[in-house]
Amino acid sequence: MIGEIFSYSFLVRALFVGLFVSLSASLLGVSLVLRRFSMIGDGLSHVGFGALGISALLAAEPMVVTIPVVIISAFVLLRVSGKSRNGDSAIALISSSALAVGVIAVSVAGVNTDLNSFLFGSILSVSRSDGIVAAVLSVITILSYLMFYHQIYATTFDPAFAKATGINTGRYTALLALLTALVIVVGMRILGSLLISSLIIFPAAVAMKLGRTYLSVSIISALEAVLAFVLGFFLSYAFSLPTGASIVVVHMVLYVSASAVKFVRKR
Amino acid sequence: MILIEGKNLTLGYEGQGIITGLTFSVSEGDYLCIVGENGSGKSTFVKTVLGLVEPLKGTIILSGGLKKNAIGYLPQLSDIQRDFPSSVMEVVLSGCLNRHHRLFGYSAEEKARAREAICRMGMEEYRNKSFQELSGGQMRRVLLARALMATEKILFLDEPVTGLDPGAASELYSLLRRLNESGITVMMVTHDIHPALNDARTILHLSHNGWFFGTKEEYFASDPGQTFLKEAGHDR
């Protein structure tokens, strides 16, 4: 079966793009979950859907519309969730509004638009150029994460101390928002806007059940993401299941197992 | 030698002054306690000294080789995430980021300094333990070690004994006393009268109707000092 997959170039492309995106999403996820920003990822994916709908309506290149819209929204969401006590509801409002705009735009754009692939992704139809963009953006994300690993750690763990010792915490929070936006735009091709936030949240959630240090949590998160993606990918191929949903189900199974391990360890 | 000097400061936020005309100084080797009721501007004072907010009026001058970003700050424990997965070593190492210039990872020298700081706080056996599993007193020691990574000159603690039992609190105080005796300047915001009575050399009292800055002896002879003693049940 594995040989079979590698004989199709579009499957190989999907596999590599998915691995890159999963890896970068999982690394960001640790900081996002620890900073209670998981909902921002979810909100952004809905904004991404709205932007995709509009790009379909305008017959524009999807990436050209989605990347700036999602990046701007990332900063807006970060601001509202940090400032106001109603941050949660603000995110929910923005999410559903963007979803509504997207649905209308798609329906106006007509029957040629594949609503299904916007919502649930279409990893197998990733074009060559999309694949290259996704890989490049993921590599940028992974490299920036590694380069600023310690600063991001300090900003997440204790922003007051970090600020007092001269770390520009605002800058690293902005970096986090920017990278999250990029990962979501790229990941939406694979899992669609409804499931992409699972690529960000699940690995971190699993890792935090098992790891006790920041380094181990980061590593487990990355490994879990790769494992879930590969397993989900092969399962969907073997049983002709939707790829995105299969990956999320594998994540879910791993999460339940990790919870069980933690439970047993505690007793 | 004076390390920190504030002249005719007005402190506050959003344009609202809380403290006006404040003048104080911290000399090398000093042990300064900052006391006063809630809402009297202690947190604003902390933020201003750390350079996180600008004073509304006046300036704070750092001298004697003390640089901005080199104050060993110990925040309130409530500001730190308790369920954060992190080893003691990771926490302490993050203290040297203000002088960190490598692109990836920490240098061997930085790691050695972190180990030394952990030892100095008597926490060597916990080096690879998880920070979130430590007791409140142990967490404070780890955060002290981190603060020592950021500075060799001055520690600034914000209510360090909140939530500690009396034993752990007095252990922390004697640790601070030893650090102070070894030449490190200590500044501490506190509600507890004991460090003010036992260890402090100078006191800054902030209140809604003014402030007092002076030596411990002057302070406890003054009205606000007498009131503090009375409230803490030490008036006899």
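The table below gives the values:
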item: Candidate set: the range B:66-98, residues that are exposed (fewer than 15 other Cβ atoms within 10 Å of the Cβ) and more than 19 Å from the chain's Cα centre (by Cα); chosen: the one farthest from the other protein chains (Cβ to nearest Cβ); result: B:R82
item: Enumeration of residues in the range A:99-131 that are β-branched (V, I, T) and surrounded by 13 or more Cβ atoms within 10 Å (Cβ to Cβ); result: A:V101, A:V103, A:I104, A:V106, A:T113, A:I123, A:V126
item: A:L199 vs. criteria crowded, with 22+ Cβ neighbours inside 10 Å, within 14 Å of the chain's Cα centre (by Cα), away from every other protein chain (no Cβ under 12 Å) and modelled with pLDDT under 95; result: yes
item: Complete set of residues in the range B:123-154 that are under 20 Å from B:M187 (Cβ atoms), within 12 Å of another protein chain (Cβ to nearest Cβ) and not hydrophobic (A, V, I, L, M, F, W, C); result: B:R146, B:T151
item: Helices (runs of 4 or more DSSP H) completely within the range B:124-223 that count 1 or more residues being of a type in the set (V, I, T) and on the phi < 0 side of the Ramachandran plot; result: B:136-150, B:193-198
item: Filter pass, A:V65 being under 20 Å from A:S138 (Cα atoms) and modelled with pLDDT of 85 or more; result: yes
item: All positions within the range B:115-142 that are in contact (Cβ under 8 Å) with a residue 24 or more places away in the chain, under 20 Å from the mean Cα position of the chain (by Cα) and under 15 Å from B:L164 (Cα atoms); result: B:S135, B:G136, B:G137, B:M139, B:R140, B:R141, B:V142
item: Residue list for the range A:202-252, restricted to those being among the hydroxyl-bearing types (S, T, Y), assigned to a helix (DSSP H, G or I) and within 14 Å of chain B (Cβ to nearest Cβ); result: A:Y214, A:S216, A:S218, A:S221
item: Tally, over the range B:207-236, of residues that are of a type in the set (A, V, I, L, M, F, W, C) and touching a residue at least 60 places away in the same chain (Cβ under 8 Å); result: 3
item: Residues located in the range B:99-110, provided they are facing chain A (nearest Cβ under 7 Å) and either among the aliphatic types (A, V, I, L, M) or touching a strand residue (DSSP E or B) at 6+ places or on another chain (Cβ under 7 Å) (or both); result: B:L103
item: Failed criterion for B:V189 (all others in (1) surrounded by fewer than 17 Cβ atoms within 10 Å (Cβ to Cβ); (2) touching a Lys or Arg at 6+ places or on another chain (Cβ under 9 Å); (3) β-branched (V, I, T) hold); result: (1)
item: Per-region count, the range A:147-185, residues out of contact with any Asp or Glu (no Cβ under 9 Å at 6 or more places or on another chain), aliphatic (A, V, I, L, M) and without any contact (Cβ under 8 Å) to a residue 60 or more places away in the chain; result: 6
item: Boolean, A:M188 is out of contact with any strand residue (DSSP E or B) (no Cβ under 8 Å at 6 or more places or on another chain), in a helix (DSSP H, G or I), within 21 Å of A:S95 (Cα to Cα) and touching a residue at least 40 places away in the same chain (Cβ under 8 Å); result: yes
item: Helices (runs of 4 or more DSSP H) fully within the range A:101-173 counting 1 or more residues that are within 11 Å of chain B (Cβ to nearest Cβ); result: A:128-147, A:149-157, A:159-164
item: Enumeration of residues in the range B:105-123 that are closer than 21 Å to B:F84 by Cα and in contact with a helix residue (DSSP H, G or I) (Cβ under 6 Å, 6 or more places away or on another chain); result: B:Y106, B:A114, B:I118, B:M123
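Residues are listed down the side, and each one gets a yes or a no for (1) in a loop (DSSP other than H, G, I, E, B); (2) under 16 Å from the mean Cα position of the chain (by Cα); (3) without any contact (Cβ under 8 Å) to a residue 12 or more places away in the chain:
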site	(1), (2), (3)
A:V21	no, yes, no
A:S24	no, yes, no
A:L27	no, yes, no
A:V33	no, yes, no
A:M39	no, yes, no
A:G43	no, yes, no
A:G48	no, yes, no
A:I54	no, no, no
A:A60	yes, no, yes
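The values are calculated or read from the model by the stated rules, or taken from the named source; none is laboratory data. Treat the numbers as computed from the prediction; the structure is a model and nothing was measured. Neighbour counts run over all protein chains shown; Cβ positions are idealised from the backbone, glycine included.
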